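What follows is a short report on a single structure.
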Amino acid sequence: MIYKDIKREKMSFISYLVVLIIFIDRRICDEHDDMVMQPTSQQHTQFGQAKAPRYLLYDVNPGEGFNLRRDVYMRIAHLVRVLNDDAPWILVLPSWSGLFHWKSRHVEQRKLPWSLFFDLPSLRLFVPVIEFEDFLRVLDKPVVEEVYYLQNYKEGWGGEWTEKMDFRECNDPPAYEQIDEGPYYGWFFGYGDAVMALKFQCLSIQGHASSLKPFLLKNTTARSVMIDRAETVVHDHFGDAVFWKARRSMVFAKHLRDLGDQFRKEFLNSTDETDNTILEEDWTKMKRNHGDAKGGPYIGVHLRRADFAHSRKKDVPTMKQAARNITQLLKKYSLTKVFIATDTHSAEFDELKGYLSSYEVYRYSPTPEILEKYKDGGVAIIDQWICAHARHFIGTRESTFSFRIQDEREILGFDPDTTFNTFCGPDDIKCEQPSRWLIVY
């Protein structure tokens with residue numbers, strides 16, 4: 001092991017960090033966009049003897065999708081939360097740029113802030129966070145002091161899974177390039193050469209996210225540390241109350257919820273008042289029992305095609321099979337409307353609608369203005385929000401998109417029988433249904 005054992009000291013810096021973040025946000029709003037703020041060491045003098053915070057950045061495998069990245073956020077947010085038991089740390093949110101599943105190539109989708117998709121005040125009720133662009137503004141130079149590139153052990157688990165970490169040579173060609181023994185350059189969320197790192201090392205690791213805590217506290221004194229390939233570490237808490245606190249804090253941005261609610265009201269005869277799905281503005285005060293939510297008078301469907309139609313053929317139904325399942329549900333609940341979130345092309349969707357010609361079939365199609373403003377990620381969230389409010393939901397096996405809808409329905413208080421359902425593959429008459437990860441308060 002490369003880190004030293006440390007004594008856990010119970011010190012809470014959360015209140016101080018929230019004040020600091022609000023202060024930074026206000027300073028940024030008050031300054032012109034082309035002005036650079038003073039170095040953080042100068043700003044923090046106004047807080048007396050409080051320790052200056054350190055910043056933790058992270059990134060994931062470039063090929064990972066939007067919803068897996070949300071899951072990795074929860075792992076790293078928990079790491080920052082336990083770091084704050086001993087010293088003040090702020091989590092820097094990685095800008096969103098050019099994800100594989102964002103297919104609207106005519107829309108600029110680089111350097112997008114988290115506030116486009118999520119409610120930052122809600123995130124901050126769990127852990128102190130700041131946007132990457134705002135992080136750059138509080139620096140005197142666009143420099144990340146240290147980057148650690150996580151990787152699995154080349155030799156594998158070695159027969160037994162134990163937590164360990166070691167500096168090793170990179171298993172693959174380094175993702176960061178050093179210029180003439182100077183700084184390192186890399187992707188940096190689409191900012192590229194505009195940002196540099198002073199130090200880069202590959203770190204083989206096998207462990208939970210919190211296993212990085214001793215290393216970050218005792219083996220480095222850098223003010224800014226970046227953990228790349230953060231998906232390599234696993235959840236400390238999966239499915240327990242801490243896990244759900246992190247998940248509940250990931251409230252969608254209000255402008256996206258409003259668009260979804262508008263569609264529900266206009267086309268699906270669905271409102272929070274009639275559906276018993278009113279969302280508390282402060283997630284820490286919201287507690288629902290299973291069955292409290294009724295849901296709108298429609299069936300919600302997530303039918304993932306695109307890459308799944310090729311890579312997971314055994315898990316994806318045919319259009320005719322999907323229509324048969326949807327028809328059974330519509331009859332079961334005596335409903336006539338179905339909302340379908342899908343990445344399939346128009347010809348397949350028309351085929352599906354043809355099989356459902358006796359019913360009202362809806363799909364969210366953004367206007368050019370909404371797509372330009374909120375991007376593919378925002379449209380996907382609107383889809384998830386509408387599905388999350390349906391009387392009954394059925395999704396796609398092993399899809400993180402469906403998983404996140406199931407999470408939302410747990411938060412809203414739906415009966416699990418109406419939530420944890422997926423289509424079967426073309427060769428399955430009755431397949432195994434998804435595990436039920438029920439909410440814990």
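The values are calculated or read from the model by the stated rules, or taken from the named source; none is laboratory data. Owing to the predicted nature of the structure, the values given are computational and were not obtained by experimental measurement. We place every Cβ from the backbone using ideal geometry, glycine too, and count neighbours over all the protein chains shown. These area figures cover heavy atoms from the full protein model, side chains too; ligands, DNA and RNA do not enter into them. Shrake-Rupley method; radii C 1.70, N 1.55, O 1.52, S 1.80 Å.
Restricting attention to the range 202-233, report how many residues are under 22 Å from Trp157 (Cβ atoms) and open to solvent by 40 Å² or more (accessible area, probe 1.4 Å).
The qualifying residues number 2.
All but one of (1) of a type in the set (Asp, Glu); (2) touching a strand residue (DSSP E or B) at 6+ places or on another chain (Cβ under 9 Å); (3) more than 25 Å from Asp193 (Cα to Cα); (4) surrounded by fewer than 21 Cβ atoms within 10 Å (Cβ to Cβ) hold for Asp134; state the number of the condition that does not hold.
(3)
Just to be sure I understand, how many residues within the range 240-260 are open to solvent by 10 Å² or more (accessible area, probe 1.4 Å) and either touching a residue at least 60 places away in the same chain (Cβ under 8 Å) or within 14 Å of Lys287 (Cα to Cα) (or both)?
Going residue by residue through the range 240-260, those that are open to solvent by 10 Å² or more (accessible area, probe 1.4 Å) are 240-243, 245, 248, 251, 254-255, 257-259.
Then drop every residue that is not either touching a residue at least 60 places away in the same chain (Cβ under 8 Å) or within 14 Å of Lys287 (Cα to Cα) (or both), which leaves 240-243, 245, 248, 251, 254-255, 257, 259.
Adding up the residues that qualify gives 11.
For the range 326-348, name all the residues that are crowded, with 18+ Cβ neighbours inside 10 Å and assigned to a helix (DSSP H, G or I).
Scanning the range 326-348 gives Ile326, Leu329, Leu330.
Scan Glu169, Glu155, Glu163 and give me the residue that is charged (D, E, K, R), modelled with pLDDT under 90 and farther than 18 Å from Val92 by Cα.
Glu155
When you look at Lys103, is it over 18 Å from the mean Cα position of the chain (by Cα), closer than 25 Å to Ala380 by Cβ, open to solvent by 30 Å² or more (accessible area, probe 1.4 Å) and not β-branched (Val, Ile, Thr), yes or no?
yes
Listed here are the residues, each with its yes/no results for (1) within 28 Å of the chain's Cα centre (by Cα); (2) more than 22 Å from Pro113 (Cβ to Cβ).
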position	(1), (2)
Phe132	yes, no
Lys141	no, no
Tyr149	yes, yes
Trp161	yes, yes
Asn171	yes, yes
Tyr176	yes, yes
Asp180	no, yes
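Could you list, in sequence order, the residues of the range 354-369 that are assigned to a helix (DSSP H, G or I) and either crowded, with 17+ Cβ neighbours inside 10 Å or at positive phi (or both)? Give the derivation first.
Taking the range 354-369 as the starting set, the residues that turn out to be assigned to a helix (DSSP H, G or I) are 354-355, 368-369.
Within the range 354-369, just Tyr355 meets the criteria.
Please determine whether any residue of the range 281-302 is modelled with pLDDT under 95 and under 27 Å from Ile439 (Cα atoms).
Looking through the range 281-302, at least one residue is modelled with pLDDT under 95 and under 27 Å from Ile439 (Cα atoms).
Suppose we keep only residues that are more than 22 Å from the chain's Cα centre (by Cα) and closer than 19 Å to Thr344 by Cα within the range 383-441. Which one would you say is modelled with the highest pLDDT?
Phe423
Would you check which residues across the range 248-263 are over 13 Å from Ala388 (Cβ atoms) and touching a helix residue (DSSP H, G or I) at 6+ places or on another chain (Cβ under 6 Å) and list them?
Arg248, Ser249, Leu259
Out of all the residues in the range 395-421, which are within 21 Å of Gly65 (Cα to Cα), open to solvent by less than 10 Å² (accessible area, probe 1.4 Å) and not in a helix (DSSP H, G or I)?
Gly395, Thr396, Ser399
All but one of (1) free of Cβ contacts under 8 Å to residues at least 24 places away in the same chain; (2) out of contact with any strand residue (DSSP E or B) (no Cβ under 8 Å at 6 or more places or on another chain) hold for Thr318; which doesn't?
(1)
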